[in-house]
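Derivation of every value follows stated rules applied to the coordinates shown; laboratory data play no part. Since the model is a prediction, treat every value here as computed from it, not as a measurement. Note that we place each Cβ from the backbone using ideal geometry, even for glycine, and neighbour counts take in every protein chain shown.
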Amino acid sequence: MTGIRDKVGQSGTRLPHVSRRQILIGATATGGLALAWTFWPRAYAPNLTAARGEHIFNAFLKIGEDGHIAMVVPQCEMGQGVTTLLPQIMADELGADWRTIAVETAPINPLYTNTLVVDEDSAVFTPRRLVPDFVSDVRGWARREWAVRHAVMLTANSSSVRMFEGPCRDAAAQVRALLMMAAARRWDADWEQCDTEGGFVTLGQKKLRFGDVAAAAALLEPPAEPVYRAASADPLYGKELTRLDLPSKVDGSANYAGDIRLPDMVFAAIRQGPLGATRLKSIDRKAGMASPGLLHIVEHERWFAAVARNWWAANRALDHFAPLFETAGTPISSGRIDKALAAALKADGYRIVKKGDVAEAMEGRTKVAAHYAVAPALHAPIETRTATAAPDGGRLRVWVATQAPAQCRDAVAQATGLAPSDVTLFPVMAGGSFDACLDHSAAVQAAIIALQIKRPVQLAWSRAEEIMRDIPRAPARARMIATLDAAGGIDALVARIAVPPTNHEVRARLFDNTPADVAQRDAAGTPDAVAIEGLARVYDIRHFAVDHCPADIGLPTARWRGNADSYTAFFTECFIDEMAARAGSDALSYRMAMLGKSPLLAHCLLTATSLAGWEGGISGTAQGLACHSMRGSHIALVATARPSERGLQVEQLVAVVDAGRLVNPAIARQQVEGGLIFGLAAAVGATTDYEGGIATARKLGQLGLPHLAQIPELLIEFIDSDREPGGIGEIGVPAVAPAIANAMFAATGHRIRRLPLSAQPI
Amino acid sequence: MTKFSVNDRPVEYRMDPETPLLWALRDASNLTGTKYGCGTGECGACTVDIDGEAIRSCMVTIAECEGRFVTTIEGLTRDRSHPVQQAWVADQVPQCGFCQSGMIMAAAALLRKNSNPSDAEIDAAMTNICRCGTYPRIRGAIRRAGRVLRGEERIAAAPPPGIRPADAARAVPALKAPHER
């Protein structure tokens, strides 16, 4: 079958216009590239399986003769509600009855490539060797081709709806047309006169269930272009439908990687030693082998695992084995990290963003500067990293939560010497993640253990292991330098940001399976545009520059909910607040004066301040303001916070968000609530120090994560909008810390320039 | 030494008596609704009901459970009908869901003793950690479940599991009962 079904997921509309001539130029100039492109397959077929009575229509939809509709979701459900959102879009376009929807996770297939993330984070996803630098259109096109070829089905960057709304809608429109065609044949009518509603094809008074025409419809040729359903009187899109995953999440039946049970399965625990170039040195074999319940041990170059009939026995055996590790090079420590960041800030950086002429504008003028520091941020999901693996003849089955399934499968294949086609990956829900599931260590380790002991095994990291071996979001420092105009407004701004080039590390780990310490060393010193993203993005400042000062901190770093925006928003919003105070200006009007080119954010800011009863931010009010835009969404936040005898007390957060059109306002609200609380946790904790190569925190309670009693009153309002949907998963995170820091200044007169918030000077 | 009742059934675990209850439930009984999050009693994901008290199951050994009555999320109800479960769905509390079994068991134990708890009582009882940020809905959902327990409100937010296809077809016109095929 041809038509749009072959284009689904390839995001055809986003392809730039590349003339044949441009491709030829690109190809001839790079030799091997022309050859590579020739052999890249152009069309991919769905690789779904059908249950009895089920008919496969395309990569996203199957319909059963009993009337159920199976919707295929190519993203990892990690709490963001994607297994409800994408089905909701499809059910709406299809004219389905919501009660007939079933959800399946997608198999690995290039059809599900997330080309949007690949475009947004081009620095991460551009394979260096394959792509010519000089023709930008070809470069973007080649990057997408490369991503499709590697089935980069990433769940990241709050992109699920932004990426898949189009393909899901097209897939549903195609199925709808086919159902109407099949019904029209029965009625001997014109299919374009038909409609769909509530799971029926209709024509006047005539009605046929989807299930009744599914078999015939699946054999028909769809129209070449999608024919969309006219706006319904009662659309599913925009409704506050109950998440489909909730019933299973209130009775304990939702299965995560650690809930898989297989015949003869055993349980493994692991020790991996310090971060860095670490090798397993020795174990106390005599003491260890006497451990009750011990079944197997697996010694790996970089880790040691014990296997028992239950996980606790396996983990206790590890205590007896007391594995010793040795780490080459200077061990990671907080002191060393701080020194490396400070040194990077003093050294030359790379100018990534440039507008106007900052050098000339600042020449001979009084400069105002401030220095900020942000600690590493741990993911700390409640589910520790877990994977289940089972040998299956010469093949292997793996159950794991992953945000990059094809890359996870490839990592397992590479580590075990199996062909990727001999590794079957079953993606399961993640118990949190916050981008931790871009790391595939647990899947690889479980696979190695399973093959060595020749039986199904479930590996779960202990909490201590999860804290010590988590690759955190990078620590960062910034020096913000401004010159002001006569009215105290910012005339020129230079932001120098010392931070490791995280995204090059991520690429090497994700696509080349480079060990984290090697990836860290290889990336050291390289510029990374994604690492400084979001700094003062929204403000219209005449002369403006952002420098990336790559810091070689020794500690590997990773992506995290909010990524770079989680620290750049802190630098920006705190500094703007300082400048407003210096100018004797209201933090609101000071910002508004610079938001001429960000009307949507300005609207959020006005709405939030009016909702919160903004008192001007003057001293003694305890109110602080911050705003931010990312991934097509905007947030303005008013925090009320003051010191108390129990420490920092955040009393209220008032947020106004413009995230464009909302597929499901209830889920959007959940995501913003979650983002705000994730931001709150990062403002007060979610970090660790490092000493001798190891995190000093070992227990969850040492991370300072908030409990219910510490949660402020939240007031969240969404701006009504018809705009294309913006990202919703991360927008709540970045503005929280600066809003609280600014509120603390209003309450106490002291500036906090550190994250987690601390009055300690830098 | 390790004989007790789990979800109203008598069990004897032939495991090391020092094994924390959590791992007997998960790895021997396959009651995987109870989750491991920290092993140190801090996150509360492993909360179960022991003789009416919400207890972190990673902090008690199976020896200490001798003769007691343990209820896990699987045994709270068989059909999601507990007012806390219903309120949790009605208020769309769960996100990733991993900590929610523990949250629900803690809330159910609280309401059994006090069907109308104050904010302070809720905060004192709900010390579980959630990273997705479901907190803002928890007080409201507990209050709603309390209203249901006191007979002031009825909710039917989460359907029971195992609905028969024929029953589903009776309620949903787009579905077809098996015998119709």
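With a Förster radius of 25 Å applied to the beta-carbon distance between A:E360 and A:M592, the computed FRET efficiency rounds to 0.40. Ranked by how many other Cβ atoms sit within 10 Å of their own Cβ, fewest first, the residues A:K354, A:K454 fall in the order A:K454, A:K354.
For A:A419 and A:R723 in the same chain, what is the full-extension length gain: residue separation times 0.36 nm, less their Cα-Cα distance, in nm?
Details: separation 304, 0.36 × 304 = 109.44 nm, distance 4.47 nm.
Roughly 105.0 nm would be gained on extension.
Legend: calculated FRET efficiency, B:R154 to B:E64, from the Cβ-Cβ distance at R0 = 30 Å, rounded to 0.05, equals 0.15. Computed from the C-beta positions of A:Q193 and A:A45, the FRET efficiency with R₀ = 30 Å rounds to 0.40.
Which of B:I50, B:I62, B:I163 moves the most in a Gaussian network model of chain B with Cα springs under 10 Å? Answer for the Gaussian network model of chain B: B:I163. Between B:N30 and B:N114, the modelled label-to-label distance comes to 4.0 nm, taking each label 7 Å out from Cα in the direction of the beta carbon.
Is region A:581-694 best put as rounded, prolate or oblate by its Cα gyration tensor, with a ≥ b ≥ c the root eigenvalues, rounded for a/c under 1.5, and otherwise prolate when a/b is larger than b/c, oblate when not?
Numbers: a/c = 1.71, a/b = 1.17, b/c = 1.47.
Taking the square roots of the gyration eigenvalues as a ≥ b ≥ c, region A:581-694 is oblate.
If you take every DSSP beta bridge fully contained in chain A, what fraction is antiparallel? Give it as a percent rounded to 5. Let's see the in-between values first.
Numbers: 80 of 111 bridges.
If we restrict to bridges inside chain A, about 70 percent are antiparallel.
Neighbour counting of Cβ atoms within 10 Å sorts the residues A:F164, A:F570, A:F200, fewest neighbours leading, into A:F200, A:F164, A:F570. How big is the gap, in Å, between the Cα center of region A:47-86 and the Cα center of region A:692-762? First find each Cα centre; the distance between them is then 37 Å. With both labels modelled 7 Å from their Cα along Cα-to-Cβ, the A:T748 to A:L324 distance reads 4.5 nm. This ranking places A:E301, A:E713, A:E77, A:E104 by how few other beta-carbon atoms lie within 10 Å of each, fewest first, which gives A:E301, A:E713, A:E104, A:E77.
Please state the shape class of chain A: rounded when a/c is under 1.5, otherwise prolate if a/b exceeds b/c and oblate if not, all from the C-alpha gyration tensor.
Numbers: a/c = 1.57, a/b = 1.16, b/c = 1.35.
It is oblate, given that a/c is not under 1.5 and a/b is not larger than b/c.
Pick from B:D167, B:D16, B:D51: which residue has the top mean-square fluctuation in a GNM of chain B where Cα pairs under 10 Å get a spring? Fluctuation is largest for B:D167.
Over the protein assembly as shown, dividing the summed -39,500 (n - 2.57) contributions of all DSSP H runs of at least 4 residues by the number of residues returns a 222 nm mean residue ellipticity of -10000 deg cm²/dmol. Taking the longest Cα principal axis of chain B as reference, the axis of helix B:100-113 is set at about 80 degrees. The peptide list B:90-100, B:67-77, put in order of mean Cβ contacts within 10 Å with the highest first, becomes B:90-100, B:67-77. Rounded, prolate or oblate for region B:3-76? Axes are the square roots of the Cα gyration tensor eigenvalues, ordered a ≥ b ≥ c, and the cut-off for rounded is a/c under 1.5. Judged from the Cα gyration tensor, region B:3-76 comes out rounded (a/c under 1.5). Label B:R170 and A:R661 with points 7 Å out from Cα along Cα→Cβ: what is the distance between them in nm? Result for the modelled spin labels: 3.9 nm.
All other residues with a Cβ under 10 Å from the Cβ of B:I138 taken together, and with Lys, Arg as +1 and Asp, Glu as -1, what is their net charge?
Once positives and negatives cancel, what remains is +1.
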